[in-house]
Amino acid sequence: MFPVTNVVVAGLGGQGVLRGTDILAAVALGAGYDVKRSEVKGMSQRGGSVTGEVRFGERVLSPMVPAGEADFLLALEPTQVEPNRHLLRANGVLITPEAVLIETLPHKRTLNVALLGALSAHLPLARELWLESLRTNFEAGFFEANQKAFEVGRQSQAHARESIGHGHEKH
């Protein structure tokens with residue numbers, strides 16, 4: 001078996017779940033990994049639940065993250081933690097909006113990117129690849145705000161890891 005990293009992004013329609021999985025998949029692909037992704041839109045256009053899954057590694061056979069095998073659950077909306085918690089492995093990392101102070105973001109709509117920044121602090125993927133993917137996925141006028149949000153999220157995890165050690169707690 002080849003080691004595979006499993007990430008589930010969960011939120012509500014309009015929060016940027018699918019864009020977030022696009023960004024992560026592009027970063028992992030740019031780093032040379034085999035990448036598979038899947039998405040469940042549900043009632044996304046009406047603010048319903050949306051999940052996206054990204055799996056990357058040397059060789060990935062399926063786009064679906066099996067229950068109990070997600071290394072990371074990135075919940076853009078707190079109400080989406082419990083419906084998706086069964087996907088997270090025992091020592092997996094849960095990242096919620098509590099990971100960043102909303103007041104430190106350039107705009108509340110950049111929360112999804114801030115949480116991607118928080119996730120990035122846990123992954124072996126170069127910061128430059130993340131920034132390149134952000135630049136590709138957002139219009140030029142929105143890049144600067146999203147870059148700032150990404151850095152806020154990334155720094156929040158660096159500080160959290162320093163204060164609680166390197167365990168896999170909620171961030």
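Observations, loosely collected:
- Residue in segment 30-37 that is crowded, with 21+ Cβ neighbours inside 10 Å and either without any contact (Cβ under 8 Å) to a residue 12 or more places away in the chain or part of a helix (DSSP H, G or I) (or both) present: no
- Filtering segment 47-60 to residues that are outside any strand (DSSP E or B) and either at pLDDT 95 or above or among the aromatic types (Phe, Trp, Tyr) (or both) leaves Glu58, Arg59, Val60.
So that you can scan it fast, the table gives a plain yes or no per residue for (1) open to solvent by 50 Å² or more (accessible area, probe 1.4 Å); (2) at pLDDT below 95; (3) in contact with an Asp or Glu (Cβ under 8 Å, 6 or more places away or on another chain):
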position	(1), (2), (3)
Val8	no, no, yes
Gln15	yes, yes, yes
Asp22	yes, no, no
Lys41	yes, yes, no
Gln45	yes, yes, no
Ser62	no, yes, no
Phe72	no, no, no
Arg85	yes, no, no
Leu101	yes, yes, no
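- Subset of segment 75-117 (residues that are out of contact with any Leu (no Cβ under 8 Å at 6 or more places or on another chain) and closer than 21 Å to Phe143 by Cβ): Thr104, Pro106, His107, Lys108, Arg109, Thr110, Gly117
- Glu139, sole failed condition from (1) of a type outside the set (S, T, N, Q); (2) surrounded by 19 or more Cβ atoms within 10 Å (Cβ to Cβ); (3) over 14 Å from the mean Cα position of the chain (by Cα): (2)
- Tally, over segment 103-130, of residues that are farther than 22 Å from Glu69 by Cβ, open to solvent by less than 10 Å² (accessible area, probe 1.4 Å) and in contact (Cβ under 8 Å) with a residue 60 or more places away in the chain: 2
- If you go through segment 61-91 and pick out every residue that is within 16 Å of Leu115 (Cα to Cα) and either outside any loop (DSSP other than H, G, I, E, B) or β-branched (Val, Ile, Thr) (or both), you end up with 9.
- Inter-residue pairs, beta-carbon under 6 Å, first closer than 14 Å to Asp22 by Cβ and hydrophobic (A, V, I, L, M, F, W, C) and in segment 49-76, second in a loop (DSSP other than H, G, I, E, B) and at pLDDT 95 or above, 6+ apart: Phe56/Tyr33
The values are calculated or read from the model by the stated rules, or taken from the named source; none is laboratory data. Just so you know, these numbers come straight off a predicted model, no measurement behind them. Every residue, glycine as well, gets a Cβ built from its backbone with ideal geometry; the counts of neighbours run over all protein chains shown. Protein only, heavy atoms only, side chains kept; ligands, DNA and RNA dropped before computing areas. Shrake-Rupley method; radii C 1.70, N 1.55, O 1.52, S 1.80 Å.
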